[in-house]
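Since the structure comes first, as structure tokens, the remarks are kept for the end.
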Amino acid sequence: MNSVFSKPLAAIASLPLLCAVAIAASAPPPAVNYDESKVGNYTLPDPLVCADGTKVTDAATWRAKRRPEVLELFRTHVYGRSPARPAAMKCEVTAEDKNALGGKATRREVTIYFLGTKDGPKMDLLVYLPNGAKRPVPAFLGLSFGGNHAVANDPGVKLSSVWMRPSKDKGIVNNRATEASRGTEAGRWQVEMLLARGYALATAYYGDIEPDFAEGWKVSTRAAFAKDGANTQFAPDDWGAIGAWAWGLSRALDYLETDRDVDAKHVAVIGHSRLGKTALWAGAQDERFAIVISNNSGEGGASLARRWFGETTAIINKAFPHWFCGNFKQYAGNESKLPVDQHELIALAAPQPIYVASAEEDRWADPRGEFLSAKNAEPVYRLFGKEGLGVDDMPAVNHPVGKTIGYHIRTGKHDVTAYDWEQYLNFADHHFGHRK
Ligand code: GTR
């Protein structure tokens, strides 16, 4: 498919040859481009063209034939292959307070033992349920960077005891959370806003599943599942950390399906940044997620890999070698060879509603590339009779758009803000037919 958004490389084509050689020798192109006129030409893979060259024209063929092909391409080349839910998995409610957050919420803490054993890999899930709401309630589910105790100013939440990235101003000392880290992510989670609108929040710390550094997998779920544990040599299509985190989100949903206070048919999966990439991959694989939300997910998330703007495949593979599968490394600086692009990750959520959000100052994540991904997913939504974005051009800042695919770019930096949450809640209200 020829992207209608491609830009000609007119400037470079018109340079005299000698001059171009001289430039190439003395000044290699900068690794990071922030100039829209230099993005260059690219051709996006057509989500509707099957491996055998036939074109999908109906939803049934997408589901039965093309969707599994696209999913398989993402597994093989980008995020790797994840295991199924272990039959032995066990969930245990460890604490409950019906009078949390000044009486606004019921707080439930649950430990999920992935292999059913207490000494095996596990994840602590925190659930806030709105008191006074008609239950079961719809929910948002997402992983945090700071631990369950960081998502609200709530002294009752168990303090995480596992590895965390050092951060003095967030109360992390010697890679461990202290009391000072309680509530440090409250602005990003807006728990009281969610509760007031009649939603539950379910959240877990991503480091429970895998600590976020190159060798973190050795003490994580991935090692516990591998034949040779920490000595494992991963196959090039084995899951990376994003695969593991996304898998953890599905395991959290497994628990939510058993919680009688949660309407598990109406769970929106949400994530910011690397955890936005994670939410997208979780939503692509697990069709139980009723809405998928990507907040500033950028490279390897919502933004198109083929656009040379902000972070690139080469940069992300170098900085975060553990996030993706081994095969993904070969596409560093070689994006045109990647058999998929990220609009197809968005398309994998179809027909479920999906929301992509950017921030004006988050140029590293390539806001336009995030919008174009959403735009180029529309043909798949149309197979289901769904409209997609409902606009052709990127909207102005702070002007949310969208039908089944939502999009906004807000003022400000790489972050999750109250403004973002207001849009997600409006989107969820609309698609869930939910009124408090
Ligand atoms: C950056 C990374 C981005 C984004 C971000 C985050 O350093 O380059 O892809 O994931 O981290 O997760 O905060």
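The values are calculated or read from the model by the stated rules, or taken from the named source; none is laboratory data. All values reported here derive from a predicted model rather than from experimental measurement. Note: ideal-geometry Cβ built from the backbone for every residue, glycine included; neighbour counts use all protein chains shown.
Only one of the numbered conditions (1) in a strand (DSSP E or B); (2) in contact with a Ser or Thr (Cβ under 6 Å, 6 or more places away or on another chain) is violated by Phe140, and that is (2). Cβ-Cβ distances below 7 Å connect no pair with a first residue in the range 220-246 that is without any contact (Cβ under 8 Å) to a residue 40 or more places away in the chain and in a loop (DSSP other than H, G, I, E, B), a second residue that is hydroxyl-bearing (Ser, Thr, Tyr) and surrounded by 21 or more Cβ atoms within 10 Å (Cβ to Cβ), and a separation of six or more residues or different chains.
Within the range 123-136, the set of residues being farther than 20 Å from Gly271 by Cβ and crowded, with 20+ Cβ neighbours inside 10 Å comprises Leu129, Pro130.
Mind listing whichever residues of the range 400-436 are touching a residue at least 24 places away in the same chain (Cβ under 8 Å), of a type in the set (A, V, I, L, M, F, W, C) and out of contact with any Lys or Arg (no Cβ under 6 Å at 6 or more places or on another chain)? Answer for the range 400-436, where residues must be touching a residue at least 24 places away in the same chain (Cβ under 8 Å), of a type in the set (A, V, I, L, M, F, W, C) and out of contact with any Lys or Arg (no Cβ under 6 Å at 6 or more places or on another chain): Ile405, Ile409, Ala418, Trp421, Phe427, Ala428, Phe432. For the structure I just gave you, tell me whether His322 is in contact (Cβ under 8 Å) with a residue 12 or more places away in the chain and over 22 Å from Pro367 (Cβ atoms). Spelling it out, His322 is indeed in contact (Cβ under 8 Å) with a residue 12 or more places away in the chain and over 22 Å from Pro367 (Cβ atoms). Within the range 245-260, the only residue that satisfies the criterion of being under 16 Å from Arg81 (Cβ atoms), under 12 Å from the mean Cα position of the chain (by Cα) and more than 15 Å from the ligand (Cβ to nearest atom) is Trp247.
Which one of Ser273, Ser303 is crowded, with 24+ Cβ neighbours inside 10 Å and either in contact with a Gly (Cβ under 8 Å, 6 or more places away or on another chain) or farther than 16 Å from Ala252 by Cα (or both)? Before you say what the answer is, go through the steps one by one.
Numbers: Ser273 fails: crowded, with 24+ Cβ neighbours inside 10 Å.
From the options Ser273, Ser303, the qualifying one is Ser303.
Note on the range 171-195: residues that are in a strand (DSSP E or B) and buried (at least 20 other Cβ atoms within 10 Å of the Cβ) amount to 2.
Given the structure, is Thr278 modelled with pLDDT of 95 or more and surrounded by fewer than 24 Cβ atoms within 10 Å (Cβ to Cβ)? When the stated conditions are applied, Thr278 does not pass them.
Let me confirm something: among Gly147, Gly198, which residue is under 25 Å from the mean Cα position of the chain (by Cα), on the phi > 0 side of the Ramachandran plot, in contact (Cβ under 8 Å) with a residue 12 or more places away in the chain and buried (at least 24 other Cβ atoms within 10 Å of the Cβ)?
On the way: Gly198 fails: buried (at least 24 other Cβ atoms within 10 Å of the Cβ).
Within the list Gly147, Gly198, the selection yields Gly147.
Which ones in the range 332-344 are touching a residue at least 12 places away in the same chain (Cβ under 8 Å) and touching a Phe, Trp or Tyr at 6+ places or on another chain (Cβ under 9 Å)? Spell out the reasoning first.
Within the range 332-344, the subset touching a residue at least 12 places away in the same chain (Cβ under 8 Å) is 332-336, 338-344.
Within the range 332-344, Glu335, Ser336, Leu338, Val340, Asp341, Glu344 meet the criteria.
Taking the range 201-216 as the range and being over 22 Å from Ala152 (Cα atoms) and surrounded by 24 or more Cβ atoms within 10 Å (Cβ to Cβ) as the test, only Glu210 passes.
Identify all residues within the range 71-101 that are closer than 30 Å to Val380 by Cα, assigned to a helix (DSSP H, G or I) and out of contact with any Lys or Arg (no Cβ under 6 Å at 6 or more places or on another chain); write none if there are none. Can you show your working first?
Initially, the range 71-101 is screened for residues closer than 30 Å to Val380 by Cα, giving 71-85.
Okay, now just the ones that are also assigned to a helix (DSSP H, G or I), so 71-79.
Selection gives Leu71, Glu72, Leu73, Phe74, Thr76, His77, Val78, Tyr79.
For the range 261-315, the set of residues classified as more than 18 Å from Gly142 (Cβ to Cβ), within 15 Å of the ligand (Cβ to nearest atom) and in contact with a Phe, Trp or Tyr (Cβ under 6 Å, 6 or more places away or on another chain) consists of Gly310, Glu311, Thr313, listed by residue number. Scanning the range 392-418 for residues that are modelled with pLDDT of 95 or more, over 18 Å from the mean Cα position of the chain (by Cα) and crowded, with 16+ Cβ neighbours inside 10 Å yields Met394, Pro400, Val401, Gly402, Arg410. Reported count of residues in the range 87-146, each being touching a strand residue (DSSP E or B) at 6+ places or on another chain (Cβ under 7 Å), within 16 Å of the ligand (Cβ to nearest atom) and either closer than 24 Å to Arg435 by Cβ or among the aromatic types (Phe, Trp, Tyr) (or both), is 1. If you go through the range 320-344 and pick out every residue that is under 12 Å from Gly300 (Cα atoms) and touching a strand residue (DSSP E or B) at 6+ places or on another chain (Cβ under 8 Å), you end up with 1.
Among the residues of the range 365-381, is there at least one that is under 28 Å from Ala196 (Cα atoms) and within 16 Å of the ligand (Cβ to nearest atom)? Spell out how you get there, then give the answer.
Narrowing the range 365-381 to residues under 28 Å from Ala196 (Cα atoms): none.
Looking for residues that are under 28 Å from Ala196 (Cα atoms) and within 16 Å of the ligand (Cβ to nearest atom), one finds none in the range 365-381, hence no.
Looking at this structure, is Val356 at pLDDT 95 or above, among the β-branched types (Val, Ile, Thr) and within 16 Å of the ligand (Cβ to nearest atom)? Step through it out loud before you land on a result.
Numbers: at pLDDT 95 or above: yes; among the β-branched types (Val, Ile, Thr): yes; within 16 Å of the ligand (Cβ to nearest atom): yes.
For Val356, the condition - at pLDDT 95 or above, among the β-branched types (Val, Ile, Thr) and within 16 Å of the ligand (Cβ to nearest atom) - is met.
Among the candidates Tyr355, Tyr331, the residue that is on the phi < 0 side of the Ramachandran plot, surrounded by fewer than 24 Cβ atoms within 10 Å (Cβ to Cβ) and among the aromatic types (Phe, Trp, Tyr) is uniquely Tyr331.
Going by the conditions given, is Ser220 more than 16 Å from the ligand (Cβ to nearest atom) and at pLDDT below 95? Explain how you work it out, then say what you get.
On the way: more than 16 Å from the ligand (Cβ to nearest atom): yes; at pLDDT below 95: yes.
Yes.
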